[in-house]
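Novice: Handing you a structure now.
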Amino acid sequence: MTPERSTPKPPDPVYADRVYRSLAGLAGGVLLLALALWLGIDALVSGHGNTPWLALAGLLFVLPLVIAFTLRPAVYANDDRLRIRNPFRSITLPWACVDDIRAAYSTEAFAGGGKYQLWAVPVSLRRRKRANMQQLRASAPGAQQRQNRNPFAQGADTDQGRAPSDQTVVELRELAERGSDRPTAQGSPEVRWAYEIMAPCVAGAVLLAVLLAVG
C-alpha cells in the first residue's frame with residue numbers, strides 16, 4: 001500500500017501595503033516648495049553681496065522642513081506590521097506589539113509602553129461632527145423611508161458614516177486584530193531617525209547663523 005503524500009500548504013498571499021497620507025498636506029507642501037524655490041532662485045540669480053549665500057542657506061534650512069512636515073508623513077500597513085513615517089523619524093510596529101490605536105485630537109498608536117503619533121492621519125473635529133450628524137439623521141424616525149425613496153441619499157449617508165481618521169483607525173485595528181497571532185508579525189517597536197532630513201536642515205541653520213553674524 002502506497003502511503004499518501006501530504007500536500008504542502010500553499011504560502012499565504014502577500015498583499016501590497018495600504019498607504020495612508022494627507023492629501024491636504026501633500027497639496028500644501030507642493031505649493032510651499034514652489035514658493036520657496038521661486039523666491040530662493042530669484043535671490044540667488046539677482047541678489048548682490050551676501051544675498052545669494054543667505055538665500056542658499058535659507059533654502060537648505062527651509063526645504064527639508066517643508067518636505068518633513070508635508071510630503072514625508074505616511075502610514076503603511078500590511079498583514080504583518082504598521083510602519084509610521086513621521087517628519088523626523090520612522091517607526092515600525094509589528095502587530096503583535098500594538099496595544100491600541102486611537103484618534104482623539106490626534107491619531108496615535110500605543111505599543112511596547114510607548115505612544116507614537118500618526119502625522120499622516122490628521123483628525124478633523126469638524127468632519128467628525130459632520131459624520132456624527134449624518135449618523136443621527138440616519139437613525140431618526142422616518143429616515144429609512146426617505147432613504148428608500150432616494151437611494152442616492154442612502155449611499156451618501158453610508159459614505160459619511162465616519163470621519164476619515166476614524167475610518168482609518170477602524171481599518172488599522174482590524175489589521176492588528178487579524179495579524180497579532182501571525183508568526184511574521186512578532187517583534188518589538190523599531191525607531192529610525194531621519195538623518196537625511198535633519199542633516200541638511202542643521203547645516204542650513206548653522207550656515208544661516210554664521211552669515212547673519214558675519215554680516
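The values are calculated or read from the model by the stated rules, or taken from the named source; none is laboratory data. All values reported here derive from a predicted model rather than from experimental measurement. Note that each Cβ is placed from the backbone with ideal geometry, even for glycine, and that neighbours are counted across all protein chains shown. Heads up: the accessible areas ignore ligands, DNA and RNA and are worked out on the full protein's heavy atoms, side chains in. Shrake-Rupley method; radii C 1.70, N 1.55, O 1.52, S 1.80 Å.
Novice: Take the conditions of a type in the set (A, V, I, L, M, F, W, C), under 15 Å from Pro164 (Cβ atoms) and either modelled with pLDDT of 95 or more or open to solvent by less than 30 Å² (accessible area, probe 1.4 Å) (or both) and apply them to Ala103. Does it pass?
Specialist: yes
Novice: So, one more: Considering every residue within the range 80-99, establish whether at least one is more than 20 Å from Ser124 (Cα to Cα), in contact with a Leu (Cβ under 7 Å, 6 or more places away or on another chain), in a loop (DSSP other than H, G, I, E, B) and open to solvent by 60 Å² or more (accessible area, probe 1.4 Å).
Specialist: No, because not a single residue in the range 80-99 is more than 20 Å from Ser124 (Cα to Cα), in contact with a Leu (Cβ under 7 Å, 6 or more places away or on another chain), in a loop (DSSP other than H, G, I, E, B) and open to solvent by 60 Å² or more (accessible area, probe 1.4 Å).
Novice: Identify the residue in the range 185-197 that is at pLDDT 95 or above and assigned to a helix (DSSP H, G or I) and, among all such residues, is surrounded by the most Cβ atoms within 10 Å (Cβ to Cβ).
Specialist: Ile197
Novice: When you go through (1) of a type in the set (D, E, K, R); (2) open to solvent by 100 Å² or more (accessible area, probe 1.4 Å); (3) at pLDDT 90 or above one by one for Arg182, which number turns out not to apply?
Specialist: Looking at each condition in turn, Arg182 falls short on (2).
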